[in-house]
Amino acid sequence: MSCSDYTNYSEGEPIADTRAPDGPLETRWERRRFAARLVNPANRRKLTVIVVGTGLAGGSAAATLGELGYNVLSFCYQDSPRRAHSIAAQGGINAAKNYAGDGDSVHRLFHDTVKGGDFRSRESNVHRLAQVSTQIIDQCVAQGVPFAREYGGLLDTRSFGGAQVSRTFYARGQTGQQLLLGAYQALSRQIHAGTVRMHPRTEMLDLVVDDGRARGVVVRDLVSGEVSTHLADAVVLATGGYGNVFHLSTNAKGCNTTAIWRAHKKGALFANPCYTQIHPTCIPVSGEHQSKLTLMSESLRNDGRVWVPERAGDPRAPRDIPEQERDYYLERLYPGFGNLVPRDIASRAAKTVCDAGRGVGPGGLGVYLDFAEAIERLGRDTVSARYGNLFEMYQRITDEDPYEVPMRIYPAVHYTMGGLWVDYDLRSTIPGLFVIGEANFSDHGANRLGASALMQGLADGYFVLPAVIGDYLADGPFGPVPPTAVEDAEDEVRQGIAALLAVDGDRTAESFHRELGRLMWELCGMERSEEGLRKALEQIPQLRGEFWRRVKVTGAGGQLNQELEKAGRVADFLELAELMCLDALHRTESCGGHFRVESQTAEGDARRDDDAFSYVAAWEHTGGAPVLHREHLEFTAVRPSVRSYK
Amino acid sequence: MRYTLRVWRQRGPEESGGLVDYDVDGISPDMSFLEMLDVLNERLVLDGEEPVAFDHDCREGICGMCGLMIDGVAHGPERATTTCQLHMRHFDPAEPIVVEPWRAAPFPVVRDLMVDRSALDRIVEAGGYISAPAGAAPDAHAVPIPKADADAAFTAAACIGCGACVAACPNGSPMLFTAAKATHLGLLPQGQPERLSRAEDMLTAQDDLGFGGCTQTGECTLVCPKGIPLETIATLNHDVLTAALRGR
Ligand SMILES: Cc1cc2nc3c(=O)[nH]c(=O)nc-3n(C[C@H](O)[C@H](O)[C@H](O)COP(=O)(O)OP(=O)(O)OC[C@H]3O[C@@H](n4cnc5c(N)ncnc54)[C@H](O)[C@@H]3O)c2cc1C
Ligand code: SF4
Ligand code: FES
């Protein structure tokens with residue numbers, strides 16, 4: 001439907017102000033909090049804040065804003081706020097507590113995160129994240145989150161990729177679930193207290209902007225199909241990542257880009273859309289029917305060893321291949337970090353050995369993750385206590401027992417570092433529109449370290465947003481929104497729905513999603529090239545044209561209609577995909593999860609180009625060719641270096 | 001492989017429903033039950049029919065959104081397994097598979113296989129939390145918690161809120177769900193101050209919402225995908241009794 005032109009772009013003004021205080025990094029957050037204006041408690045209930053999304057970011061934000069006394073409206077598309085995609089996070093959450101006494105500190109977590117992000121994130125934000133991390137653990141324990149403990153009753157931690165200290169707190173393999181239930185319970189308490197009104201099974205389809213400010217959302221009630229508008233003094237988007245643009249990913253089926261994409265079309269800049277994280281340890285695809293991919297937590301790399309047969313096409317069963325004919329390629333190539341190298345490196349290494357014909361399992365798209373040595377060293381019971389539920393999940397899906405045969409794993413799309421651009425105060429470029437959690441672009445640069453998304457979501461929701469939103473709301477309430485602004489926004493949404501229903505073609509929305517996913521995986525996935533990206537930029541508009549000629553959506557708009565929901569999401573993915581490819585094409589360097597084949601070292605490692613690309617690419621939607629705004633990145637505390645994990 | 005399905009179709013809560021037979025072809029043993037329904041739905045759409053509505057999201061057995069009665073058993077024949085983690089290798093193509101929604105008075109059918117389980121959220125809202133506003137927490141190591149207690153709390157905390165226990169219970173009681181929450185929080189030192197009021201408030205909400213009472217039939221634990229133990233119910237009952245004795 002959109003007539004945007006993504007084969008081209010023009011240069012806009014650089015982004016001058018990120019609202020970050022200057023001066024010493026260590027005290028910036030303290031000074032920002034002190035400088036932020038406060039809203040008097042009696043006035044808070046006169047101010048309405050909409051929070052879209054109830055994952056770790058949105059759930060914790062809505063609960064905390066409710067505790068502060070604001071009038072909060074909360075939305076999610078699931079039937080209960082407790083089911084947001086954050087629930088599926090397995091491995092853990094980072095925090096610079098240094099409980100393990102192994103030399104961790106706020107500065108080290110900050111340093112590791114900036115380095116892990118391949119020097120493409122904003123120092124002030126990352127430093128704040130590291131500072132706040134310690135409070136998160138305190139908060140969650142106070143709520144009753146049952147983190148793993150040692151026999152002495154203290155909290156247990158483990159190591160995750162990209163770190164040489166043990167700073168990852170976990171609750172068996174269900175960390176996200178337990179953290180989300182903590183946030184959900186806090187949210188439930190506020191719903192009971194009447195400060196938060198919850199709207200489950202409701203999808204945001206557009207943003208209401210009036211007089212230059214974000215003032216509300218147009219939503220569709222997924223049960224009745226009714227389209228309506230909710231107004232507020234500020235809108236917070238916490239709608240998660242857009243990894244499902246690849247169709248197959250580890251994200252929940254409903255994860256989508258609709259909320260942030262439509263806000264982008266209303267004026268919010270979209271930053272670094274091409275930064276995608278491919279997770280190295282997922283269960284390989286088993287067939288055409290595959291509807292999603294299942295992650296096997298990265299924590300498994302603490303004790304599991306990754307290998308492939310030395311010889312391409314070795315037909316032997318893994319246990320019949322003797323030690324000296326195995327290639328533990330991560331340990332060989334990266335002796336410093338071994339199996340714990342960051343995700344982008346582990347993923348590409350897996351692709352390289354599979355491309356060389358040494359992959360295992362169906363189609364040769366897999367590598368072994370072997371626990372034999374760990375079971376011998378620690379005993380089966382210890383291994384089972386650490387990873388039992390993951391082993392079970394693996395066996396249920398593949399019908400193979402990982403205690404007996406090594407797991408087979410392969411990389412899959414997992415997380416999107418890109419998202420709506422926000423400043424230090426989490427404000428997007430539309431005044432009054434805040435963006436938190438995976439939906440924003442902020443803290444992870446070009447590659448997110450394991451266990452840092454949960455940390456960021458909760459930092460944003462419990463601590464950062466509640467501390468800075470008052471500075472904006474202190475100017476409110478912002479007065480009534482003219483009915484025409486609401487009608488216009490609703491009309492646009494109704495027309496969009498009618499257009500999807502009117503096509504009445506001969507292909508399902510799912511079939512388009514599958515095709516788009518394959519195209520993106522091939523041309524804008526683990527490796528990207530100019531040629532491939534140009535091809536993608538030709539093919540995506542064609543596919544989108546075909547979608548709008550041939551998609552078939554049954555039923556009507558004024559009823560529960562899951563086909564209509566899916567078609568709307570696929571339509572948005574078909575637009576976002578192009579911006580991702582354009583962003584990937586313009587960034588001719590390799591960095592983090594973005595690997596351009598043209599920019600690599602002799603050993604095949606990513607080669608950054610700091611002189612040309614040390615910036616955040618923030619894209620403006622124009623309807624025609626997008627406009628690129630650059631936010632230059634400055635490093636004062638960590639010197640950009642070649643990221644080495646050898 | 002080819003299967004015959006008998007699927008409950010119902011347009012809305014007020015309308016009557018019934019079982020409709022469908023044949024689905026091209027099913028592989030590695031497909032999940034929901035992927036099999038995806039195959040059916042894509043075909044229905046292409047035939048111009050409305051697909052079968054069902055809830056799902058994570059497809060990893062953790063969000064608690066999916067849940068179907070399969071041949072009369074909540075989440076189907078495999079123990080400790082959610083519907084999304086159930087694979088077709090467990091079904092014999094020679095036998096028709098009957099697929100129905102959860103059935104319980106407080107879970108009205110929304111459409112087809114989808115039900116409204118928001119009553120479970122109301123139970124948690126009534127008291128299923130520890131009051132700990134953000135920003136005021138003491139250091140996480142201030143109170144060590146014996147590993148055994150932490151582990152037991154975790155076991156109860158694993159409930160995914162799917163509602164299978166209610167669907168399986170002859171009385172339509174959510175007791176296992178409520179007890180799981182009461183036990184999780186009640187076993188932790190942080191949960192002590194509100195322990196008795198929490199148990200009582202959740203139980204009162206449960207009754208007010210029209211759920212049935214618990215007569216300890218134990219059907220719930222048989223279908224619970226997370227293996228929530230029946231003893232949690234004893235813990236809850238003990239707390240409620242103590243609250244009554246203290247004249248709360
Ligand atoms: C399998 C898996 C395992 C992971 N493990 C880890 C881990 O161990 N450690 C770690 O740090 N990170 C992990 N991650 C990443 C992490 O889980 C996510 O990045 C994080 O949970 C995102 O949280 P969020 O609050 O931003 O969004 P989400 O949890 O995705 O929540 C999005 C919310 O927005 C709502 N929503 C979306 N669109 C709309 C709309 N249009 N209208 C209304 N509502 C909408 C949804 O209903 C939902 O409530 C994992 C991710 C996956 C996929
Ligand atoms: S107790 Fe078990 S069956 Fe009941 S809601 Fe929780 S996980 Fe589901
Ligand atoms: S879809 Fe999430 S538990 Fe089944």
Handout entry: Unmet criterion (only one of (1) in a helix (DSSP H, G or I); (2) at the interface with another protein chain (Cβ under 8 Å from one of its Cβ atoms); (3) open to solvent by 10 Å² or more (accessible area, probe 1.4 Å)) for B:VAL45
Key = (3)
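Please determine whether any residue of the range B:111-131 is touching a strand residue (DSSP E or B) at 6+ places or on another chain (Cβ under 7 Å), open to solvent by 20 Å² or more (accessible area, probe 1.4 Å) and either under 27 Å from B:ALA182 (Cα atoms) or touching a residue at least 24 places away in the same chain (Cβ under 8 Å) (or both).
Yes, there is a match, as at least one residue in the range B:111-131 is touching a strand residue (DSSP E or B) at 6+ places or on another chain (Cβ under 7 Å), open to solvent by 20 Å² or more (accessible area, probe 1.4 Å) and either under 27 Å from B:ALA182 (Cα atoms) or touching a residue at least 24 places away in the same chain (Cβ under 8 Å) (or both).
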Fill in the blank from the handout: Residues of the range B:155-182 being at the interface with another protein chain (Cβ under 10 Å from one of its Cβ atoms), assigned to a helix (DSSP H, G or I) and either within 16 Å of ligand 3 (Cβ to nearest atom) or not charged (D, E, K, R) (or both), in sequence order, are B:THR155, B:ALA156, B:ALA157
Problem - Condition check for B:SER28: open to solvent by 10 Å² or more (accessible area, probe 1.4 Å) and more than 7 Å from chain A (Cβ to nearest Cβ) - result: no
Completion exercise
Reported set for the range B:132-153 where residues are facing chain A (nearest Cβ under 7 Å) and touching a residue at least 24 places away in the same chain (Cβ under 8 Å) is B:ALA132, B:ILE145, B:ALA150, B:ALA153
Practice task
Grab the helices (runs of 4 or more DSSP H) fully contained in the range A:283-398, keeping just those with 3 or more residues being among the hydroxyl-bearing types (Ser, Thr, Tyr) and in contact (Cβ under 8 Å) with a residue 60 or more places away in the chain.
Solution key: A:380-398
Practice task
Run B:GLN85 past the list (1) within 16 Å of ligand 2 (Cβ to nearest atom); (2) exposed (fewer than 15 other Cβ atoms within 10 Å of the Cβ); (3) within 16 Å of A:GLN290 (Cα to Cα) and report the number of the one that doesn't hold.
Solution key: (2)
Handout entry: Test: residue in the range A:108-123 that is open to solvent by 10 Å² or more (accessible area, probe 1.4 Å) and either at the interface with another protein chain (Cβ under 9 Å from one of its Cβ atoms) or free of Cβ contacts under 8 Å to residues at least 24 places away in the same chain (or both)
Key = no
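Given the structure, is A:VAL145 under 22 Å from the mean Cα position of the chain (by Cα) and either within 12 Å of chain B (Cβ to nearest Cβ) or closer than 20 Å to B:ALA148 by Cα (or both)?
Details: under 22 Å from the mean Cα position of the chain (by Cα): no; either within 12 Å of chain B (Cβ to nearest Cβ) or closer than 20 Å to B:ALA148 by Cα (or both): yes.
No, not satisfied.
Within the range A:174-183, track down each residue that is open to solvent by less than 10 Å² (accessible area, probe 1.4 Å) and facing another protein chain (nearest Cβ under 9 Å). If you could, list the steps in order and put the result at the bottom.
Restricting attention to the range A:174-183, the residues satisfying the condition of being open to solvent by less than 10 Å² (accessible area, probe 1.4 Å) are A:175-183.
Within the range A:174-183, A:GLY176, A:GLN177, A:GLN178, A:LEU181, A:GLY182 meet the criteria.
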Practice task
Within the range A:195-213, identify whether any single residue is small (Gly, Ala, Ser) and in contact with a strand residue (DSSP E or B) (Cβ under 9 Å, 6 or more places away or on another chain), and answer yes or no.
Solution key: no
Handout entry: Residue tally, condition more than 15 Å from ligand 3 (Cβ to nearest atom) and either on the phi > 0 side of the Ramachandran plot or within 11 Å of chain B (Cβ to nearest Cβ) (or both), over the range A:241-255
Key = 1
Fill in the blank from the handout: Exactly one of B:GLY61, B:GLY76, B:GLY48 is on the phi > 0 side of the Ramachandran plot and away from ligand 3 (no atom under 16 Å from the Cβ), and that residue is B:GLY48
Problem - Unmet requirement for B:GLY64, which otherwise passes all of (1) surrounded by 21 or more Cβ atoms within 10 Å (Cβ to Cβ); (2) part of a loop (DSSP other than H, G, I, E, B); (3) more than 16 Å from ligand 2 (Cβ to nearest atom) - result: (3)
Practice task
Could you pull out every one of the helices (runs of 4 or more DSSP H) wholly within the range A:1-116 that has 2 or more residues that are among the basic types (Lys, Arg)?
Solution key: A:28-35, A:106-116
Exercise for the section: Among the residues of the range B:27-58, count how many are within 22 Å of B:GLY161 (Cα to Cα) and of a type in the set (A, V, I, L, M). Expected result: 2
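Look through the range B:48-61, keep the residues that are open to solvent by 30 Å² or more (accessible area, probe 1.4 Å) and over 22 Å from A:GLY243 (Cβ atoms), and return whichever of them is nearest to ligand 2 (Cβ to nearest atom). Reasoning before the result, please.
Looking only at the range B:48-61, we keep the residues that are open to solvent by 30 Å² or more (accessible area, probe 1.4 Å), and these are B:48-50, B:56.
From what's left, over 22 Å from A:GLY243 (Cβ atoms): B:48-50.
On the way: B:GLY48: 36, B:GLU49: 32, B:GLU50: 29 Å.
Selected residue: B:GLU50.
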Exercise for the section: Run B:PHE91 past the list (1) more than 13 Å from ligand 3 (Cβ to nearest atom); (2) closer than 21 Å to B:ASP30 by Cβ; (3) surrounded by fewer than 20 Cβ atoms within 10 Å (Cβ to Cβ) and report the number of the one that doesn't hold. Expected result: (3)
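The values are calculated or read from the model by the stated rules, or taken from the named source; none is laboratory data. Predicted model only: the values in this text are computed from it and were never measured. Positions of Cβ are backbone-derived with ideal geometry, glycine not excepted, and every protein chain shown enters the neighbour counts. All accessible areas refer to the heavy atoms of the entire protein, side chains included, with ligands and DNA or RNA removed. Shrake-Rupley method; radii C 1.70, N 1.55, O 1.52, S 1.80 Å.
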